[in-house]
Structures are given as structure tokens and as C-alpha cells.
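Here the structure is laid out as C-alpha cells; the discussion comes afterwards.
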């Protein structure tokens, strides 16, 4: 029994790493730019397709393709912020919701048009490999994804606290007007935040590719959990999203193990509601406010 | 902060509602007039084809649409409906988006807008049940390969199922279990949809009678991010065989995860994902020896082989069971039109009810004969057990009709 529980927790932590990457992207762009990006899952999808095509056409290992998917999506994020999001800031909530939501639909349908609805997978040398520690099995591809996800999250935390641009981001998120008075250019800071946010989605995509299939609506699988984690971990808090992403993974896995395989989400939402009842702003009152 | 929280949850709600509306609008625009085929003298006969080409079942739906086009080409290429002066079939396609609400409105729309002589659809049982209700109300005959037994209940008069029912699938699957393992202790996992629930409850009900022990019976929500927790549970159950009732993506993840954790037990994937060529494409050698149960297979007879070869030529893969079955359905519709000598849906329905197809593409189904009873069920239909052997899906059960012996893995 202990080994079953241990395996369930390990499984949950590993997939939680992916939830974490997606939710940190959502929370960062929300914290800084104050926009809820409903299309975050679709950028994961784009990251997956980038890795898929690089692997099948050029034989690039999906992990190496991080070096392309992350900068690629960073640029898309900057352009997105500059040409689209910037125009709807300050217009109220509805135009922003419609913008990112329309973007989500658009991207899914473009992918459907270009790549059809086919499920596509790639097989790497480590796809089926697993490390066995006693009775516990740890999939190598998932372990790599988890470790890289944690490294990227930590790097982001360090960046936000130790660099000028990171500090400027936090400043702009706490009070844009005062930040502007202090000589911070919000456009530049917002563009960087959007870029980093999408780069993280791209990273999640590349890390998923060795063990998950890509198809046009694949982002929805991860977006739901990411949004739950963002709310649970306090909107705008990177550390909160990190912890909450992992918690959601474990809650889902234990829920499947002990409540029922169709009840993973029930446990996830129960954890969310109980937490919100006790702490209405989520687990952390992070730096967003 | 609290106001932002509110905005977030409101956004999530409107996201779903908006998705439906926007999705509907987009598809209606794109598919409104996508009638395939040529108008010739005499007037073409409209056949409705409702398949999900977007959403969860998109990949299967696409193959169904390809097959529907191929079938109409074949009928028209052979001179159309002779009793109607060589009238051609005209395929009216609609995307039902893997969504029950859309299925309802699209079935209504197609029937109201085009004078349809017959309909076939919708791949997923959950969708077909809805389309069948609408077709019954409008008195338009509907043929389907969907397997839920519910389609033969409730006094339906216009719904015809030429292939085996979910309850028959279960029996075949249990009998196959005894051929690959001496004392089968089976874990049954199934997605919590109409298809999964009906197939698995048949398995559970009939297992004792067939001498198969069910040690785990577990619904799961389809579209999971990770099969690890489910496989962990299967492993803990002590099962020596797995029945998974799943569509494609979940099954790929289950198979891969089982390999990772060293769980090597025979797997029967039923119909759903395991009998689709893309399953092998995505799992490769891991699929070898995996079993399935289908209502049709591309090697059952020379007509099926011919259809599959043509499909292979056009689309680069063999024709999967559901798509192959709907080619037979198109020929059954053509046969009924031939007998009715009228495109009137009521007369086509009556001709279908009286049909007794024993040869050609219309009888291209396991059992080799199509004759419907009063519930619309083909009394000769039985399922075919299949197994992945060297990259091909081979018919291995029942023994009398097997194309190759079953391989114990």
C-alpha cells in the first residue's frame, strides 16, 4: 500500500511539473500585464508542434529543440503584446477576455487546418525508459521534464528578484504609475513579461513532446489545470503557481488512486474550494498585491 | 485582488459559452453548403453524413468523411441508382463537432434544409443516439455502425444497425481472453462516455458466464494528461489481463506507461482507438500482439479488401473498422433506393426494413448477410476479433473466420 501511495505521489509531482510551467506563464502575464491569457494552452500546443516537426524532419531531439521553441515563443509573445494586448489594456475586462479567447480559437483552428486533427507522437530513446527505485517507477522523459520545469521556475524567481528588469517587472505589477515615475518603461517591461510567459509555454510543449501526443486542441488538457493552479496559488504569484501546480498534480493522482479514475478533477476542485474558503486570495499573497 | 478573482471566473464561464457559439458559427459557415458530388440528370439523391471532424473524435471523423466520399464515388461510378434512371448519390456532409448539442442542431438543419433520403453517422455512440432521435422524429432512415444497444430500444423505426451490438462485443472479448490466458483475471478500465459505459457494463455482466474474473472495474475521464495514476491502480489490482475501452490518445498513453512500469499483461482494447491505423503509427512495436474487437475489419472478405486497397491508395492507410462499415452502409442505402425506386425517405425506410443483402458491398460485414429485425438490428451480425500482427490488424476471432491464428503475448 505504501508503495502504491508513493507511486501515486511521484506520478502527481512529475505531471505537476508541467502544470507548473503552464501556470507560471499565466500568472506572470497576469501579474505584470493584468491580462488573463486564455490562449496559454495553445502556445503549449505551438511549442509541441515546433518540437514535433524539428524531430521528425531534422531529427532534433525534443529536449534540444527547447533552444528553438523558447526563443521562438518569446518573440511571438513580444509581438503579441506589442500589436494586440497593448491595444486593449485599460479598456476594461471584456475586450481582454475576448482578445485572448479569440486568439485561442484562432490558433486551434489554424492548427487544425495546417496539421489536421491527427494525434502525432515521437519516439525518443528515453520515451519508454524508466528508473526503478524499489517498487517505484519513474519515467525518464517525465523526470527530465520535471527537473527542467523546476530549473526554469527557479531561474524565473531569481530573475524577478535579482535583476533590474525583473525588479522593474515587479514594480510595474505593483504600481504601474509609480513605476513609470521612477523611469520604468511599462511597454518594455510588459513585452518582456509576455515574452517570458510564452517562452515558458513553449518549454512546456517541448518537454511534453517525448511522452505526450500533439493535436490541435491539446492545450486545453493543460490549460484547465494551469488556471486552477493559478487561482489556488494566488493570481500573480510565481511561487504560488509553482507550489499549487505540484499540489494539483498530486491531488489529481491521489484522487484517481483513492476516489476513482473519473474523479481526479473532483479532488482537485475540492482542494481548490476548501483552500479558497479558508484563504480567499489563494495560498500566497504574492508580490502581485 | 478579489475583483481580479471575479473577472477570472467570469471569464472561464463565458469562455465555454462563447466557444460553443463561435464554434457553431464557424462550422456552420464552413460546412453549410459543402455538398459533394455532381448534379446530373436525373436529380441527385441527397444522403446525409454526420461525422465529428473537429473536437475529441476529429481524427476518426475525418476518416469517416473520407470513406463516405469514397463510397459515394463507388456507387456513382457503377452507374448510380438504376431504378431511378441512373440517379447519382449526392453526399451532404456536416461536422457535428464531437458535441451532442451541435449534433442535435446539425441533424435538424440537414433534414430541414436538404430533402435527405437517408443519413449515416455519427461515429461516437453518444452522438449517434442524439442524431437517431432527431431522424426518428422527422421519419428519415439512419444507418449507423455505432454499437450501443440503446439504438435498438425505445421503439425506433428508422434506425438501422447492420453491425454487431455492444453486448455482442463483450461476449467476443471475453471468449478471446480465454484464448490468450488460462485463468483470466481482468481489469476493466473504460472512459466514462456512452461508448465506454455500455461496452464495459456488457463485459461485467457477461464475465461470470464466460468464466472470466473481473478484479477491477473502473471508469476514468478521457483526455487525461498522464496515464500513470490509472496504470498504477491497474498494477495494484493484481490483474493478469487488461480490457481498456478507450479512444486513441488515452490508449496510447496507457500502452506506453504500462511498458514503462514493466506491466506486461495482454491487452484487449475493444473497438475505439485500438483498431485505428494511427494507433500503430503512434505506438509501433508496443502495439504488437494487442487485441481488439471490431464490428468490421478490412480483411473480412474480398469486397472489404478491395475497398481498403482503394482507401490506402487515396489516403495512405488501411480503412479502419467504422469507416469501412459505413461504405457497406452506403451500399445498403443504394440497394434500398434501388428497391424503393424512389428517393422518398419513408419508402427507403420500408425497403431497408425488408432488405436481405447476401452479396456484394452491401453484405460486406462479419456474418456476410444483412437482414434487419423489428428493432433495426442485423440478425446475422457478429463482431470480429482482431490482433496487431507485424503492423497489420488481422482478423483472429471467431476461429472459423480467422485470417491468422491468435498469438499469445
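Points to keep in mind about this one:
- Criterion (away from chain A (no Cβ under 14 Å), in contact with a helix residue (DSSP H, G or I) (Cβ under 6 Å, 6 or more places away or on another chain), assigned to a helix (DSSP H, G or I) and more than 22 Å from residue B:222 (Cα to Cα)) met by exactly one of B:331, B:318: B:331
- Whenever a residue of segment A:105-132 is more than 7 Å from chain B (Cβ to nearest Cβ), its partners that are in a strand (DSSP E or B), lying with C-beta atoms within less than 8 angstrom and at least six residues away or across chains, give the pairs A:120/A:214; A:129/A:139; A:131/A:137; A:131/A:138; A:132/A:138.
- Hits in segment B:200-232 (condition: part of a helix (DSSP H, G or I) and within 20 Å of the chain's Cα centre (by Cα)): B:200, B:201, B:202, B:203
- Residue list for segment A:51-60, filter: in a loop (DSSP other than H, G, I, E, B) and touching a helix residue (DSSP H, G or I) at 6+ places or on another chain (Cβ under 7 Å): A:60
- Single residue of A:41, A:16, A:47, A:12 found to be farther than 14 Å from residue A:227 by Cα, within 14 Å of chain B (Cβ to nearest Cβ), modelled with pLDDT of 90 or more and buried (at least 23 other Cβ atoms within 10 Å of the Cβ): A:12
- Restricting segment B:219-237 to residues that are more than 7 Å from chain A (Cβ to nearest Cβ) and touching a strand residue (DSSP E or B) at 6+ places or on another chain (Cβ under 6 Å), the residue that is nearest to residue A:1 (Cα to Cα) is B:237.
- The residues of segment B:354-373 that are assigned to a loop (DSSP other than H, G, I, E, B) and touching a helix residue (DSSP H, G or I) at 6+ places or on another chain (Cβ under 8 Å), listed by number, are B:355, B:360, B:364, B:365, B:366, B:369.
- Any hit, segment B:109-117, residues being assigned to a strand (DSSP E or B) and at pLDDT below 95: no
- Once segment B:47-68 is narrowed to residues that are more than 14 Å from chain A (Cβ to nearest Cβ) and in contact with a strand residue (DSSP E or B) (Cβ under 6 Å, 6 or more places away or on another chain), the residue that is farthest from residue B:279 (Cα to Cα) is B:47.
- The set of residues in segment B:238-252 that are on the phi < 0 side of the Ramachandran plot and either touching a strand residue (DSSP E or B) at 6+ places or on another chain (Cβ under 7 Å) or not in a helix (DSSP H, G or I) (or both) comprises B:239, B:240, B:241, B:242, B:243, B:244, B:245, B:246, B:247, B:250, B:251.
- Residue check for residue A:230: out of contact with any strand residue (DSSP E or B) (no Cβ under 7 Å at 6 or more places or on another chain), surrounded by fewer than 24 Cβ atoms within 10 Å (Cβ to Cβ) and more than 27 Å from residue B:57 (Cα to Cα): no
- Residue within segment B:288-308 that is closer than 30 Å to residue A:219 by Cβ and surrounded by fewer than 20 Cβ atoms within 10 Å (Cβ to Cβ) present: no
- Qualifying residue in segment B:167-184 (condition: at pLDDT 95 or above and either at positive phi or not assigned by TED's automatic domain parsing to the domain that holds residue B:366 (or both)): no
- Criterion (surrounded by fewer than 21 Cβ atoms within 10 Å (Cβ to Cβ) and in a helix (DSSP H, G or I)) met by exactly one of B:197, B:257: B:197
- Residue match in segment B:288-302 (condition: away from every other protein chain (no Cβ under 14 Å), more than 14 Å from the chain's Cα centre (by Cα) and assigned to a helix (DSSP H, G or I)): yes
- Some residue of segment A:135-142 being buried (at least 24 other Cβ atoms within 10 Å of the Cβ) and out of contact with any strand residue (DSSP E or B) (no Cβ under 7 Å at 6 or more places or on another chain): yes
The values are calculated or read from the model by the stated rules, or taken from the named source; none is laboratory data. Not measured: the values here are computed from a predicted model. Neighbour counts run over all protein chains shown; Cβ positions are idealised from the backbone, glycine included.
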